[in-house]
Amino acid sequence: MNASELSSLIRSKALELGFDACGFAKAGFMETEARRLEEWLSQNRNASMGWMENNFDKRTDPTLLVPGAKSVISVLMSFHHPSHKKYWEKDGLKIAKYAQGRDYHKVVKKQLKLLYKYIEDTVGNVEGRFFTDSAPVLDKAWAVRAGLGWIGKHSNLINKEMGSYFFIGEIILDVDLIYNSPQTDHCGACTKCLDACPTNAIYEPYRVDASKCISYQTIEHRGEFEEGKGEQLHDFIFGCDICLDVCPWNSKATLTNFTDFHPRADIMAMTDADWLSLSEEKYNDLFFGTPVKRAKYEGLVRNIKHASTS
């Protein structure tokens with residue numbers, strides 16, 4: 001089987017498994033991306049996320065993760081649901097859309113495993129690994145190289161057909177494929193994401209200072225907030241959707257194929273009064289198997305306390 005036939009089969013199988021897009025890039029050292037990442041880290045824009053400095057070589061060269069790797073397969077999976085509201089349409093405390101359903105690590109990785117098994121069955125003996133936000137891989141950069149979109153001024157991947165409400169996964173393989181060409185940037189003169197960010201975390205187009213980002217503050221930051229930071233959550237108690245919600249490319253975002261990503265009714269039914277009286281038992285019941293568990297009970301209660309007074 002030649003590379004063209006195999007690439008076509010893999011893409012078809014990915015779509016059959018529920019992925020919304022699939023593309024291929026040649027594995028190798030990402031020189032431009034490595035320089036940008038190194039500069040960003042040297043400015044301490046990663047805040048307390050020291051793990052982003054770890055495994056720098058592997059993060060910028062997938063052949064160190066999979067020796068002999070030749071290709072990186074990137075896939076997109078929408079989490080968007082018709083009941084999702086824009087951040088300005090929902091009064092009260094808010095959880096980012098991607099976290100209102102089942103933990104994406106479990107759902108995306110399960111489908112990636114099935115796709116990888118299909119490749120094994122089709123090709124025979126292959127060496128590879130698959131990931132979704134679970135290894136030192138520059139997933140957005142690989143998706144760009146695979147022709148699945150461009151990096152927007154908010155630093156998220158944008159796909160012309162899908163918008164940005166999606167998860168990214170990848171398979172690194174020691175198999176040659178037919179590689180896609182990157183798309184051009186279609187943000188143009190638009191600055192809606194920069195203008196809307198209430199904390200100025202997007203300090204210049206395509207660059208985000210994590211220490212100012214509401215998503216970072218409500219998820220990754222541990223302990224109490226620095227002075228002034230807790231008053232800037234703008235009703236978000238886990239994550240933030242502001243820069244995505246204002247992006248014109250999300251006006252007709254692709255809807256998800258997976259019921260696992262539908263907003264859980266018991267989470268959506270919570271009122272501000274319910275949040276303020278949240279017990280640890282209720283927290284565990286509400287968020288079992290969801291991304292919100294990453295913040296831990298103490299972190300979410302901290303967020304609720306500050307967001308309710310901001």
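Every read-out reported here was derived from the displayed coordinates using simple, explicitly stated rules and does not represent laboratory data. Everything numeric in this text was worked out from a predicted model, so none of it was measured. Quick reminder, even Gly has a Cβ in these numbers, built from the backbone with ideal geometry, and neighbours come from all protein chains shown.
Between THR122 and ARG222, the C-beta separation translates, for a Förster distance of 35 Å, into a calculated FRET efficiency of about 0.20. Within the listed set ILE73, ILE172, ILE119, the Gaussian network model of the chain (springs between alpha-carbon atoms below 10 Å) gives the highest mean-square fluctuation for ILE119. For the stretch 3-173, averaging the sequence separation of C-alpha pairs within contact (under 8 Å, six or more residues apart) and dividing by the residue count gives a relative contact order of 32 percent.
Label-to-label distance for MET1 and ASP133 is 3.1 nm, based on points extended 7 Å past Cα in the beta-carbon direction. Pairs exceeding a 27 Å alpha-carbon distance, out of LYS90/LYS296; LYS58/LYS97; LYS58/LYS296; LYS106/LYS212; LYS106/LYS192; LYS97/LYS160: LYS58/LYS97; LYS58/LYS296; LYS106/LYS212; LYS106/LYS192. Applying a 4.7 Å cutoff between beta carbons, the unpaired cysteines of the chain are CYS22, CYS187, CYS190, CYS197, CYS213, CYS240, CYS247. Between ILE267 and SER251, residue separation times 0.36 nm minus the direct Cα-Cα distance comes to 3.3 nm. Based on the reciprocal of the average 1/r between different C-alpha atoms, the Kirkwood radius for the stretch 3-173 equals 17.2 Å.
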